[in-house]
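> Got a structure for you, questions after.
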Amino acid sequence: MKKNKIMMFAAATMLLASCGGGGGGRPNFGDNEYPVMTVGTSSVDMQTTYPATIKGVQDVQISPKVSGFIVKIHVKEGQTVSAGQTLFEIDNVTYQAQVRQAQASVNTTQAALNTAKLNYENSQKLFENHVIGDFELKSATNQYEQAKANLAQAQAGLASAKEMLSFCYVKSPASGVVGTLPFKVGTLVSAANVLTTVSNNSSMEVYFSLTEKDALTMSQGAGGQNAAIQAMPAVKLKLADGSVYGLEGRVTKMSGVIDNATGSVQLIALFPNPDKVLKSGGSGAIIIPKQNSSAIIIPQGCVSEVQNKKFVYILGNDNKVKYTEIKVDPQNDGNNYIVTEGLKVGDKYITNGITKLKDGMEIVPITPEKYQQKIKDQAKEMSAGEIVEAVQKATK
């Protein structure tokens, strides 16, 4: 029996305490006493999140330099490739014929050059022996120079034909991971088509944006943009599934241009990606930690919300309460708010029973400790039947 009474007393005490919160009035003390707290500051670890896009350090779009049909694909999606590795092969029959034609031209001009050289050397000897005159020697010299120019032109044509043939073998300009392969063997492609993307994902760049105001505040507070970037703490990355990436990143770049459409400044954070968890084109959120050594923290129970606005009752010097709007940090722990506007150090606010208050109402302020003691005292004065009835109402 004694045990049951103790349990009912505890339940009644909890019931009365809960009724003293922001959402359920307050115990019937028979007076006008309300608990009051004085605003102070404390140190708190905070964080800010920004939507982000993940990209490889080097995302290279692969397009062919020549038109033709794809005859072979040498890689698969997601395959790791090295710089210079062949990815695609384009029909090269026409370009091979052009190489053979250019080679034949080189051979022809080489033969003509050899003949012109013999004629020039022979003319030199005849000129030295006074058999021919200066005109004949100059003519032979000009023919020899013309033959050399023709050979150089033919060799340039051969080099060009070989280069065009090499373009039929589409190679990766960088090491990385192959993206999607939208074109299959037999497809006619040209320089306008992107065959795939090769992403260097050994490290990943994560793009996010700050408002112009935040960027200015950060730069001015640190003494310049570069100093602000250096002073930024290590950042974390929340992935699309809600998990936090295991390795921290560092902000390395800030755009010098403000986006006219959004009024924001783009920043880039670099994250190591040794296990290839991060994929180019993915999304997430950058988490920037910050410590506020003078934060104003109040319980959520003393805050009322009307049309997405938050209010508290502040106690004036005349012991009258004032219904006051406050602004809070959007991130919270579910129990407390960090007030950013509306309260200052030294203000007094009502902590319990706010649903019974009205703007301008005069109260008798008491300490939260005294308030809790009154709850316990009232619970002791309740009869067993009242306790049972209170518990039954609370559990319905």
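The values are calculated or read from the model by the stated rules, or taken from the named source; none is laboratory data. Predicted, not measured: the structure shown is a model, and the values here were computed from it. Glycine gets a Cβ as well: all are built from the backbone with ideal geometry, and neighbour counts include every protein chain shown. Accessible surface is based on the protein model in full, side chains and every heavy atom, while ligands, DNA and RNA are left aside. Shrake-Rupley method; radii C 1.70, N 1.55, O 1.52, S 1.80 Å.
> Scan the range 282-296 for residues that are open to solvent by 50 Å² or more (accessible area, probe 1.4 Å) and at pLDDT 90 or above and jot them down.
Selection gives Ser283 alone.
Per-residue answers, yes or no, for (1) out of contact with any Asp or Glu (no Cβ under 6 Å at 6 or more places or on another chain); (2) at pLDDT 90 or above:
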site: Ala227; (1), (2): yes, no
site: Ala240; (1), (2): yes, yes
site: Val251; (1), (2): yes, yes
site: Ile258; (1), (2): no, no
site: Ile268; (1), (2): no, yes
site: Asn273; (1), (2): yes, yes
site: Ser280; (1), (2): no, no
site: Gly316; (1), (2): yes, yes
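> Based on what the data block shows, is Lys370 open to solvent by 50 Å² or more (accessible area, probe 1.4 Å), farther than 28 Å from Ala52 by Cα, in a helix (DSSP H, G or I) and modelled with pLDDT of 85 or more?
Details: open to solvent by 50 Å² or more (accessible area, probe 1.4 Å): yes; farther than 28 Å from Ala52 by Cα: yes; in a helix (DSSP H, G or I): yes; modelled with pLDDT of 85 or more: yes.
Considered against the rule, which asks whether it is open to solvent by 50 Å² or more (accessible area, probe 1.4 Å), farther than 28 Å from Ala52 by Cα, in a helix (DSSP H, G or I) and modelled with pLDDT of 85 or more, Lys370 comes out as yes.
> Please find, within the range 79-92, the residue that is nearest to Asn200 (Cα to Cα) out of those that are touching a strand residue (DSSP E or B) at 6+ places or on another chain (Cβ under 7 Å) and open to solvent by less than 50 Å² (accessible area, probe 1.4 Å).
Our first condition is that a residue be touching a strand residue (DSSP E or B) at 6+ places or on another chain (Cβ under 7 Å); within the range 79-92, this holds for 79-81, 84-91.
Remaining after also requiring open to solvent by less than 50 Å² (accessible area, probe 1.4 Å): 81, 84, 86-90.
Working: Val81: 10, Gly84: 14, Thr86: 16, Leu87: 16, Phe88: 19, Glu89: 22, Ile90: 25 Å.
The residue in question is Val81.
> Which one of the conditions (1) hydroxyl-bearing (Ser, Thr, Tyr); (2) touching a strand residue (DSSP E or B) at 6+ places or on another chain (Cβ under 9 Å); (3) open to solvent by 50 Å² or more (accessible area, probe 1.4 Å) does Ser160 fail to meet, given that it meets all the rest?
(2)
> Next up: So, in the range 329-347, exactly how many residues are of a type in the set (D, E, K, R) and open to solvent by 90 Å² or more (accessible area, probe 1.4 Å)?
3
> Something else now. Among the residues in the range 206-223, are any surrounded by fewer than 18 Cβ atoms within 10 Å (Cβ to Cβ) and either modelled with pLDDT of 90 or more or touching a Lys or Arg at 6+ places or on another chain (Cβ under 6 Å) (or both)?
yes
> Pick out the one residue from Met204, Met232 that is over 30 Å from Gln85 (Cβ atoms) and in contact with a strand residue (DSSP E or B) (Cβ under 8 Å, 6 or more places away or on another chain). Step through it out loud before you land on a result.
Numbers: Met204 fails: over 30 Å from Gln85 (Cβ atoms).
Within the list Met204, Met232, the selection yields Met232.
> Quick check: is even one residue across the range 7-30 of a type in the set (Phe, Trp, Tyr), at pLDDT 95 or above and open to solvent by less than 40 Å² (accessible area, probe 1.4 Å)?
no
> Can you find a residue in the range 133-141 that is farther than 30 Å from Ile73 by Cβ and crowded, with 18+ Cβ neighbours inside 10 Å?
Narrowing the range 133-141 to residues farther than 30 Å from Ile73 by Cβ: 133-141.
Next cut, crowded, with 18+ Cβ neighbours inside 10 Å only: 140.
Scanning the range 133-141 turns up at least one residue that is farther than 30 Å from Ile73 by Cβ and crowded, with 18+ Cβ neighbours inside 10 Å.
> Looking only at the range 316-328, which residues are assigned to a loop (DSSP other than H, G, I, E, B), open to solvent by 80 Å² or more (accessible area, probe 1.4 Å) and touching a residue at least 12 places away in the same chain (Cβ under 8 Å)?
Start the filter on the range 316-328 by keeping residues that are assigned to a loop (DSSP other than H, G, I, E, B), which leaves 316-319.
Within this subset, residues satisfying the condition of being open to solvent by 80 Å² or more (accessible area, probe 1.4 Å) are 317-318.
The one that is assigned to a loop (DSSP other than H, G, I, E, B), open to solvent by 80 Å² or more (accessible area, probe 1.4 Å) and touching a residue at least 12 places away in the same chain (Cβ under 8 Å): Asp318.
> Out of the strands (runs of 3 or more DSSP E) lying entirely within the range 225-315, which hold 2 or more residues that are in contact (Cβ under 8 Å) with a residue 24 or more places away in the chain and under 18 Å from Thr340 (Cα atoms)?
Where strands (runs of 3 or more DSSP E) fall fully within the range 225-315 and carry at least 2 residues being in contact (Cβ under 8 Å) with a residue 24 or more places away in the chain and under 18 Å from Thr340 (Cα atoms), they are 283-299, 309-315.
> Mind telling me which of the residues Thr80, Thr38 ends up being over 26 Å from the mean Cα position of the chain (by Cα) and of a type in the set (Val, Ile, Thr)?
On the way: Thr80 fails: over 26 Å from the mean Cα position of the chain (by Cα).
From the options Thr80, Thr38, the qualifying one is Thr38.
> Report the residue count in the range 164-182 for those that are assigned to a loop (DSSP other than H, G, I, E, B) and either within 23 Å of Gln96 (Cα to Cα) or open to solvent by less than 50 Å² (accessible area, probe 1.4 Å) (or both).
Filtering the range 164-182 down to residues assigned to a loop (DSSP other than H, G, I, E, B) leaves 167-168, 172-175, 179-182.
Still in the list and also either within 23 Å of Gln96 (Cα to Cα) or open to solvent by less than 50 Å² (accessible area, probe 1.4 Å) (or both): 167-168, 172, 174, 179, 181.
So the count comes out to 6.
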